[in-house]
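The values are calculated or read from the model by the stated rules, or taken from the named source; none is laboratory data. Everything numeric in this text was worked out from a predicted model, so none of it was measured. Note that each Cβ is placed from the backbone with ideal geometry, even for glycine, and that neighbours are counted across all protein chains shown. Only protein heavy atoms, including side chains, enter the accessible area calculation; ligands, DNA and RNA are left aside. Shrake-Rupley method; radii C 1.70, N 1.55, O 1.52, S 1.80 Å.
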Amino acid sequence: MKKWLALLMTLVMVLSITACGQTDEPASSMDVGGVSTQAPEETNAPVELSDVGGLAVSYFDNKPDHSYMIGASDFVEMVKAGDEITILDIRGAGDYEKGHVEGAVNLPWGPAIAEGLSSIPTDKPVFIYCYTGQTAGQAVMTLNLAGFDARSISLGWNFGISKVDGVDAITTTEASTFAGNATEIDPAVQAALNDYYNGLSEVADSVYKNYKISEADLKAKIDAKDDSIYILSVRQAKDFEAGHIEGASNIPYAKGMANGFNVLPMDKTIVVYCYTGQTAGQVTAALRVMGYDAVSLNGGMGKEVNAPQGWLNQGMPVVGGASAKVEMLYENMPGHIYKIGQADFVEKVKAGEEMTILDIRGAADYEKGHVQGAINVPWGTAIAETLSSVPSDKPVYIYCYTGQTAGQAVTTYNVAGFEAYSVNLGWNFGISKVEGVDAVTTTDAATFDGSVTEIQGAIQTAITDYYEGMVALKDTEYKNYKISEQDLYDKIQAGDDSIQILSIRKADDYAAGHIEGAINIPFGTTMIDAFKELPMDKTIVVYCYTGQTAGQATAALRLMGYEAVSLNGGMGMEANAPQGWANAGFPVVQ
């Protein structure tokens with residue numbers, strides 16, 4: 001089977017999708033005007049059975065921008081406009097009879113699709129929907145293989161079409177049938193697709209029914225260390241790095257992705273997953289046509305739109321996740337180190353720049369006066385609970401009382417995908433001291449604008465756990481993931497070996513004077529690698545100059561799996577007196 005990959009360049013030239021009846025690709029993924037309604041060009045060159053897999057390679061080499069999909073709303077608009085299209089409803093006959101899109105012909109998922117190929121007209125595009133989009137993903141690949149210009153409807157009937165406003169106007173119980181036009185399907189392709197759909201009966205009573213696997217069954221296989229499977233993520237690389245299923249490899253869904261299939265094992269079942277199952281359905285079908293034993297994970301990784309389906313929506317674990325995002329965040333840390341000076345911040349507010357401002361102080365202090373436009377999200381679980389309400393199209397500026405808890409918050413917001421900065425020294429030592437700040441101080445409350453930002457499930461879980469974890473510490477010396485100067489001094493004096501003190505100040509400043517027992521990892525782009533040498537069985541007490549970058553480092557460490565807290569006020573400087581170790585009169589060593 002793998003000889004098709006070796007013949008890739010020849011197949012691209014000779015066996016293109018156009019040669020099999022595919023129309024030119026539209027201009028954009030959801031551009032209704034880009035759908036061609038012209039009859040596809042026909043050729044008389046037969047396809048060899050051994051080359052059907054080559055057509056699957058070409059399917060990805062010729063992948064259009066729309067990725068063989070259309071949004072549910074755009075599809076409904078096409079139907080309302082009376083566009084010349086063929087619609088296939090591949091749900092079960094009983095559900096089709098209860099109600100379906102006007103004009104849709106029922107070809108229930110299974111052998112009926114292969115049997116009905118010759119009845120589908122080739123002079124107009126074909127749109128396919130199932131329940132959730134996943135089996136339609138398989139079907140759309142097979143129909144394109146047969147020479148049709150086919151696309152699936154995003155999220156199918158249950159999560160997509162039925163949710164569109166005004167869909168009732170094009171929903172009917174009247175059955176539609178094909179007009180009787182006969183389409184000639186290449187015999188080799190027809191044979192391959194007969195085998196594909198007839199093969200469903202062989203797995204009907206197995207965990208691989210419908211060439212899919214449930215979230216629970218995959219989890220059981222992973223837990224059992226089942227070596228008969230190979231997990232393949234087709235999500236984008238950045239999302240894979242942020243969190244993926246244990247043991248998965250990554251070949252992102254993209255034009256030309258089949259070039260990477262040659263690394264896949266022929267003797268294992270390839271379990272493919274994407275975001276909601278739809279593009280994984282396409283990949284699964286292509287792999288099976290190419291000779292692999294492939295199935296897709298039910299619901300993919302899972303997103304809010306297809307809950308409760310999907311790995312994350314079912315509460316299954318991922319690796320990478322927040323820890324991987326932390327590494328990327330700090331290894332690529334910009335010069336501003338995710339902070340802004342208080343004077344510069346006030347100038348931005350005065351200038352009316354587009355930004356989101358979060359005041360994470362207590363509600364009572366917010367009510368007494370805050371920066372104009374600032375939204376109150378009090379420090380604690382409210383931050384995790386409102387993540388999705390924060391707009392993602394503009395920078396986020398965060399301030400607290402002194403800058404220290406805002407340092408923690410800015411790490412969590414950046415890990416969640418925002419462009420976030422903390423305001424230097426917070427309200428008490430920073431903003432309130434800026435000349436002219438009265439002009440941008442108000443008691444009028446601001447609220448979120450109604451935007452909804454989708455937070456990746458594993459990241460949301462990690463950040464929720466982060467803030468909920470503070471609740472267990474609220475009556476301890478580690479309240480708010482901080483420790484007071486006095487409590488740290490007492491631990492040092494008692495010889496408490498449950499802690500490891502970490503200075504993230506510059507090496508010169510560390511050498512000039514540091515807290516007894518502290519080691520030094522300067523705050524910067526190389527610190528994450530150094531953090532990995534820290535003990536996992538101790539509480540890491542982090543300190544910097546005033547507590548702000550130590551807040552960032554504390555959040556980073558905790559998201560990496562460490563027990564970490566920051567020293568209140570850091571080493572201490574004149575700007576944040578009387579807070580801080582030195583400002584409180586505690587000793588240092590050299």
### Summary
Within segment 211-237, of all residues that are out of contact with any Pro (no Cβ under 9 Å at 6 or more places or on another chain) and basic (Lys, Arg), the one surrounded by the most Cβ atoms within 10 Å (Cβ to Cβ) is Lys212
### Task
Identify the single condition in (1) buried (at least 18 other Cβ atoms within 10 Å of the Cβ); (2) part of a loop (DSSP other than H, G, I, E, B) that Val105 does not satisfy, given that it satisfies every other one.
(2)
### Task
Of the conditions (1) part of a loop (DSSP other than H, G, I, E, B); (2) crowded, with 23+ Cβ neighbours inside 10 Å; (3) aromatic (Phe, Trp, Tyr), Tyr330 clears all except one; give me its number.
(1)
#### Entry: Sole residue being in contact (Cβ under 8 Å) with a residue 12 or more places away in the chain and either acidic (Asp, Glu) or open to solvent by 10 Å² or more (accessible area, probe 1.4 Å) (or both), chosen from Gly260, Gly291, Gly277, Gly310
Gly291
### Task
Take Gly495 and decide whether it is at pLDDT 95 or above, open to solvent by 20 Å² or more (accessible area, probe 1.4 Å) and at positive phi.
yes
### Query
Would you say Ile398 is in a strand (DSSP E or B), hydrophobic (A, V, I, L, M, F, W, C) and at pLDDT 95 or above?
yes
### Message
Consider segment 420-450. How many of its residues are in a helix (DSSP H, G or I), over 30 Å from Asn332 (Cα atoms) and touching a residue at least 60 places away in the same chain (Cβ under 8 Å)?
### Response
4
### Summary
Flagged in segment 547-590 as touching a residue at least 60 places away in the same chain (Cβ under 8 Å), open to solvent by 10 Å² or more (accessible area, probe 1.4 Å), closer than 21 Å to Tyr467 by Cα and out of contact with any Ser or Thr (no Cβ under 7 Å at 6 or more places or on another chain), in numbering order, are Thr549, Arg558
### Query
Does any residue in segment 528-543 that is crowded, with 21+ Cβ neighbours inside 10 Å come within less than 8 Å, Cβ to Cβ, of a residue that is among the aromatic types (Phe, Trp, Tyr) and not in a loop (DSSP other than H, G, I, E, B) six or more places away or on a different chain, and which pairs are these?
Ile528/Tyr330
### Summary
The residue that is surrounded by the fewest Cβ atoms within 10 Å (Cβ to Cβ), considering only those in segment 336-393 that are over 21 Å from Gln404 (Cα atoms) and small (Gly, Ala, Ser), is Ala351
### Task
Run down Lys80, Lys98 and say which single residue is touching a helix residue (DSSP H, G or I) at 6+ places or on another chain (Cβ under 9 Å), basic (Lys, Arg), open to solvent by 10 Å² or more (accessible area, probe 1.4 Å) and over 15 Å from Leu143 (Cβ atoms).
Lys80
#### Entry: Checklist (1) within 20 Å of Ile90 (Cβ to Cβ); (2) under 31 Å from the mean Cα position of the chain (by Cα); (3) open to solvent by 50 Å² or more (accessible area, probe 1.4 Å) applied to Tyr208, failing item
(3)
## Note on the structure
In segment 306-349, anything more than 21 Å from the chain's Cα centre (by Cα) and more than 22 Å from Tyr545 (Cα to Cα) is listed as Val346, Glu347, Lys348, Val349
### Lone qualifier among Gly147, Gly166, Gly137 - being open to solvent by less than 10 Å² (accessible area, probe 1.4 Å) and either out of contact with any strand residue (DSSP E or B) (no Cβ under 7 Å at 6 or more places or on another chain) or of a type in the set (D, E, K, R) (or both)
Gly147
### Task
Among the candidates Gly469, Gly517, Gly417, single out the residue that is more than 28 Å from Thr381 (Cα to Cα), touching a residue at least 12 places away in the same chain (Cβ under 8 Å) and surrounded by fewer than 20 Cβ atoms within 10 Å (Cβ to Cβ).
Gly517
